[in-house]
Amino acid sequence: MNRYSIMLVVAAIMLSSIGLIAVTAAECCDVKCVWEPCGTKVQQSDVDAVYALKPIKAMWAYQDADSDGKFDDNDVLIIDTVLDQDAQGNWIGAWVIEEGDVRLSNYHETPANTKVISTDGDRGKPLKELPGGQMVVGFVDVNNDDHYDLGDPLYADTDNSSTVTPNDVRLTERIVNIMTYPAYSRVQSDDWDVGNELRDPVTFANVITTNSVTLLGYIDSDCDCHWTCPDKLYLQQITGTIADKFVTIGDHRLYIPQEAINAPEYWPECGTKVEQCDKDAVYVLAKDDQIRIMFGDVNSNGVYDQGEAIYLDMVNNGDDKVEAGDVRLTWFHDEPPNYKITSLDPDRTDPLEELCGGQEVIGFVDVNSDGVYDKYDPLYIDTDCSSDVTAGDIRLTEREAMGTTYDCWTMVENGDFDQILNEDLLDPVTYGTNLVTEIWFMLGYIDSDCSGDWTCPDKLYLQQIVSEDGDSTADWVVTIGDHRMYIPQEAIDDHCWPECCTKVQQCDVDAVYVLTKDDQIRIMYGDVNSNGQYDIGETVYIDMVDNGQDKVEAGDVRLTWYHDMYPPNTKVNSTNIDKNNPLEELCDSQAVVGFVDLNNNEVYDKHDPLYVDTDCNSRVSVGDVRLTQRMASGRTYEPYTLVNQGDYDLIGETDLRDPVAPYGTHLVTEIWELLGYIDSDCSGDWTCPDKLYLQQIVDIQDVKADDVVSIGDLRLYIPPEEIGPVDDDDPCVIYDTNGVAGIQKDEAVEAINDYLIHGTIDKKTAVEVLNCYFGLP
């Protein structure tokens, strides 16, 4: 390494040690990210993981150490996650502390945010209910907005007073009069927050009435359907929407395992709330059917004149005027677009009018002529309601036409190439030549401060709607293809949020990976000898293109080798030799995927291997296909390999169980119910960049939680060009953890900290990671 390289390394170490290295928008946006290989299951912290929450059976309780019948500074606050009750809720045996329960206050030298283990001294101690029963959690409305939001601190109200009193437990950090009280600290009699009113986090009333158990949800990190060691517990901000099924901004981390907080995961600490850009944040959108698109009718003639500003009327209070909070979409004299109006702006109070008297003014140009609105299609505001691109229309996205690129937010002028082409504008929902969808139906915003209203830090999206009623999972979260209508500049500067007027791409910070379902997908085999039965060695396919012909077609996915020519996890193309080969069903059944319950816990979890049961005998047998890596008797068998005579997974536990509850020993779930793909180009169909998953189904009826990529899902097909390196010995691979290909600044800082502070790696390893960051050999 040359002298200049050494100087860079030293400078980087010095900067990181004093906290001056930061990630900027230019470094972490618009970079190709790394996907894990097919045949692997989704783990927490993977780029494609979406964090769904499961309800947990639990109770708030305390251990009355001095048996005085009240919670005081000798007692421990507990979340009892192991309930020994019968179906009617009657206690079976004594109510005591058990392994798996979570402490929310310290027990002697054992701190809060710890899970009880078998050797702990408080294990077996009796538990009691607090005076308020399960109505325990309250918040202090620090900004007096009568709403529980991101900035409001949470408390456990241990005496049922609905007031902060001594021995209440702070669940979040609290700063009062320059005094900082950490999360999980007990309130003392002389603390500055004593006497603050506690309000209910759901009703916002000044008396706590919500059962706090209903606020709890956990990430099932090992997918075993039970509360176990690696799982993470959250206290949710309840909204009554789909947001309550996911980890969203404002949720509170009640328990995070220490091993997840440590390297290499660096999960945020417990006692903190989820904020934008946190790795566990899922971006759910708030809807408002009162949002309108309007123009500033400065000459009061009732007609849109070219050059008049266009606004999103976000504050529709019946007064048709520009107001603080509205979003200016175009220039107003020298005032820029993508701007939220303040009380000081010159156009505030200007009169507002509807364009052409309606709200159906957003259209797209089908530039690739595929008949649908996809992420490549540019968007326009049709200011004259002609359903064509004409002078005066506004480009909402960048547009390339005839070799010329026009910026977003610009007005189409006479002589512009997209005006000369006079292209049709199609409706983004119906794809028809008449614009019929009102703009509010396509809009949603990220409530970044959890205020329950449109406020300064919030981000506005024009969605790519996938269902006619707008009620699919994809229509409630930020997904690939959604258009960023307004992004606060501080979010772009400080949080690596992509620019406004861009569309969401895979790997963007705000992308939520929703899966497209298709009940026509089948699992088949190539019956090359036309004998009507599966012979060992014949290729197994996922038939992705079912057009009524039982033949191999371009787009189908091979799960096993085709001779020695085409390996598994490859997609058939139009020139492949196996194209047009006849396809047949395995055993006349689509219920052919099962798992081996290796840990005998009676559920399908992320450690259990999956197989294609090619002979439908519900056992691992010769000719079956391993979908995941399998270790058996010290031997490792790779994904997409055939079980051969003498293989060790033919010995011992060989029963195949159905991967959907109740996990029976007879396979009954058809494969299409388990499959979903990421529509990476928003084409509405299975195309080249899309990614195919075999899901771990939580509830076959719960389309909200099971329509996203979640921990435990199996990657059946990932485009090879998007799969990252798998060299586990390369430090630059080990530290490449944030989902973006290559070493970024945050990962370089992790390596520096592990060398200088934690001492877990040596100098040579740290330098190798830094060389990868600086692009040095």
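Annotations for the structure displayed:
- The set of residues from segment 460-497 being assigned to a loop (DSSP other than H, G, I, E, B) and either modelled with pLDDT under 90 or of a type in the set (Ser, Thr, Tyr) (or both) comprises Val466, Ser467, Glu468, Asp469, Gly470, Asp471, Ser472, Thr479, Cys496, Trp497.
- Residue in segment 705-717 that is more than 23 Å from Leu610 (Cα to Cα) and modelled with pLDDT under 80 present: no
- If you go through segment 66-81 and keep only what is of a type outside the set (Asp, Glu), buried (at least 17 other Cβ atoms within 10 Å of the Cβ) and in a loop (DSSP other than H, G, I, E, B), you end up with Phe71, Thr81.
- Within segment 502-524, residues that are over 17 Å from Val477 (Cα atoms) and open to solvent by 50 Å² or more (accessible area, probe 1.4 Å) sit with their Cβ atoms under 9 Å from residues that are not in a loop (DSSP other than H, G, I, E, B) and not small (Gly, Ala, Ser), at 6+ positions apart or across chains, in these pairs: Asp519/Trp672; Asp519/Glu673; Gln520/Asp543; Gln520/Trp672.
- Of the candidates Val528, Val512, the single residue that is among the aliphatic types (A, V, I, L, M), assigned to a loop (DSSP other than H, G, I, E, B) and over 17 Å from Ala281 (Cβ atoms) is Val528.
- Every residue from segment 177-197 that is touching a Phe, Trp or Tyr at 6+ places or on another chain (Cβ under 6 Å) and either within 21 Å of Cys450 (Cα to Cα) or not hydrophobic (A, V, I, L, M, F, W, C) (or both): Asn177
- Qualifying residue in segment 374-385 (condition: open to solvent by 30 Å² or more (accessible area, probe 1.4 Å) and aromatic (Phe, Trp, Tyr)): yes
Results for (1) touching a Lys or Arg at 6+ places or on another chain (Cβ under 8 Å); (2) within 30 Å of Ala243 (Cβ to Cβ), shown as yes or no for each residue.
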{"residue": "Ser369", "(1), (2)": "no, no"}
{"residue": "Tyr376", "(1), (2)": "no, yes"}
{"residue": "Leu379", "(1), (2)": "yes, yes"}
{"residue": "Asp382", "(1), (2)": "no, no"}
{"residue": "Asn422", "(1), (2)": "no, no"}
{"residue": "Asp427", "(1), (2)": "no, yes"}
{"residue": "Ile439", "(1), (2)": "yes, yes"}
{"residue": "Gly452", "(1), (2)": "no, yes"}
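- Residue tally, condition touching a Phe, Trp or Tyr at 6+ places or on another chain (Cβ under 7 Å) and within 16 Å of Tyr604 (Cβ to Cβ), over segment 630-673: 5
- Spans of strands (runs of 3 or more DSSP E) in segment 388-459 with at least 1 residues of a type in the set (Asp, Glu): 399-401
For every residue, the table says whether it meets (1) within 19 Å of Gly133 (Cα to Cα); (2) without any contact (Cβ under 8 Å) to a residue 60 or more places away in the chain; (3) charged (D, E, K, R).
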{"position": "Ala52", "(1), (2), (3)": "no, no, no"}
{"position": "Trp60", "(1), (2), (3)": "yes, no, no"}
{"position": "Asp80", "(1), (2), (3)": "yes, yes, yes"}
{"position": "Trp95", "(1), (2), (3)": "yes, yes, no"}
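- Residue pairs meeting the criteria (Cβ under 7 Å; at least 6 apart or on separate chains; first farther than 11 Å from Ala263 by Cβ and among the aromatic types (Phe, Trp, Tyr), in segment 747-768; second open to solvent by 40 Å² or more (accessible area, probe 1.4 Å) and part of a helix (DSSP H, G or I)): Tyr755/Lys763
- Residue ID - nearest to Thr539 (Cα to Cα), chosen from residues in segment 551-565 that are surrounded by fewer than 21 Cβ atoms within 10 Å (Cβ to Cβ) and over 34 Å from the mean Cα position of the chain (by Cα): His563
Residues are listed down the side, and each one gets a yes or a no for (1) in contact (Cβ under 8 Å) with a residue 24 or more places away in the chain; (2) of a type in the set (Val, Ile, Thr):
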site: Trp267; (1), (2): yes, no
site: Leu285; (1), (2): yes, no
site: Asp289; (1), (2): yes, no
site: Ile293; (1), (2): yes, yes
site: Asn301; (1), (2): no, no
site: Ile310; (1), (2): yes, yes
site: Gly318; (1), (2): no, no
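- Filter result (open to solvent by less than 70 Å² (accessible area, probe 1.4 Å) and either in contact with a Phe, Trp or Tyr (Cβ under 6 Å, 6 or more places away or on another chain) or aliphatic (A, V, I, L, M) (or both)) within segment 283-307: Val284, Leu285, Ala286, Ile291, Ile293, Met294, Phe295, Tyr304
- Residues that are touching a helix residue (DSSP H, G or I) at 6+ places or on another chain (Cβ under 8 Å), without any contact (Cβ under 8 Å) to a residue 60 or more places away in the chain and among the β-branched types (Val, Ile, Thr), drawn from segment 611-642: Val620
- Among the residues listed as Val429, Val436, the single one being within 33 Å of the chain's Cα centre (by Cα), of a type in the set (A, V, I, L, M) and open to solvent by 50 Å² or more (accessible area, probe 1.4 Å): Val436
- Taking first residues from segment 97-125 that are closer than 19 Å to Ala156 by Cβ and partners that are of a type in the set (Asp, Glu), the Cβ contacts under 6 Å between residues at least 6 apart in sequence or on separate chains come to Ile97/Asp122; Asp101/Asp80; Tyr107/Asp122; Val116/Glu99; Val116/Asp101.
- In segment 394-426, residue surrounded by the fewest Cβ atoms within 10 Å (Cβ to Cβ) [restricted to those that are under 19 Å from Ser369 (Cα atoms) and aliphatic (A, V, I, L, M)]: Met402
- Among the conditions (1) touching a residue at least 60 places away in the same chain (Cβ under 8 Å); (2) in a strand (DSSP E or B), the only one that Tyr604 does not satisfy is (2).
- Within segment 82-122, the set of residues being open to solvent by 40 Å² or more (accessible area, probe 1.4 Å), in a strand (DSSP E or B) and under 19 Å from Tyr218 (Cβ atoms) comprises just one member, Gln85.
- Test: residue in segment 450-465 that is open to solvent by 20 Å² or more (accessible area, probe 1.4 Å) and more than 32 Å from the chain's Cα centre (by Cα): no
- The set of residues in segment 162-185 that are farther than 16 Å from Asp75 by Cα, in contact (Cβ under 8 Å) with a residue 12 or more places away in the chain and of a type outside the set (A, V, I, L, M, F, W, C) comprises Ser162, Thr163, Thr172, Glu173, Arg174, Asn177, Tyr181, Pro182.
- Of the strands (runs of 3 or more DSSP E) entirely within segment 166-273, those holding at least 1 residues that are in contact with a strand residue (DSSP E or B) (Cβ under 6 Å, 6 or more places away or on another chain), over 30 Å from Ala474 (Cβ atoms) and not polar (S, T, N, Q) occupy 174-176, 179-181, 252-255.
A quick yes/no check of all residues on (1) part of a loop (DSSP other than H, G, I, E, B); (2) surrounded by 19 or more Cβ atoms within 10 Å (Cβ to Cβ); (3) under 32 Å from the mean Cα position of the chain (by Cα):
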| position | (1), (2), (3) |
| --- | --- |
| Tyr640 | yes, yes, yes |
| Asn644 | yes, no, no |
| Asp649 | no, yes, no |
| Glu653 | yes, no, no |
| Pro659 | yes, yes, yes |
| His666 | yes, no, no |
| Gly676 | no, yes, yes |
| Ser680 | yes, yes, yes |
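- Count - residues of segment 201-244 that are hydroxyl-bearing (Ser, Thr, Tyr) and open to solvent by less than 40 Å² (accessible area, probe 1.4 Å): 6
The values are calculated or read from the model by the stated rules, or taken from the named source; none is laboratory data. On a predicted model such as this, the values are computed, not experimentally measured, just so you know. Ideal geometry is used to build each Cβ from the backbone, glycine not excepted, and the neighbour counts take in all protein chains shown. Surface areas here come from the heavy atoms of the whole protein model, side chains and all, with no ligands, DNA or RNA. Shrake-Rupley method; radii C 1.70, N 1.55, O 1.52, S 1.80 Å.
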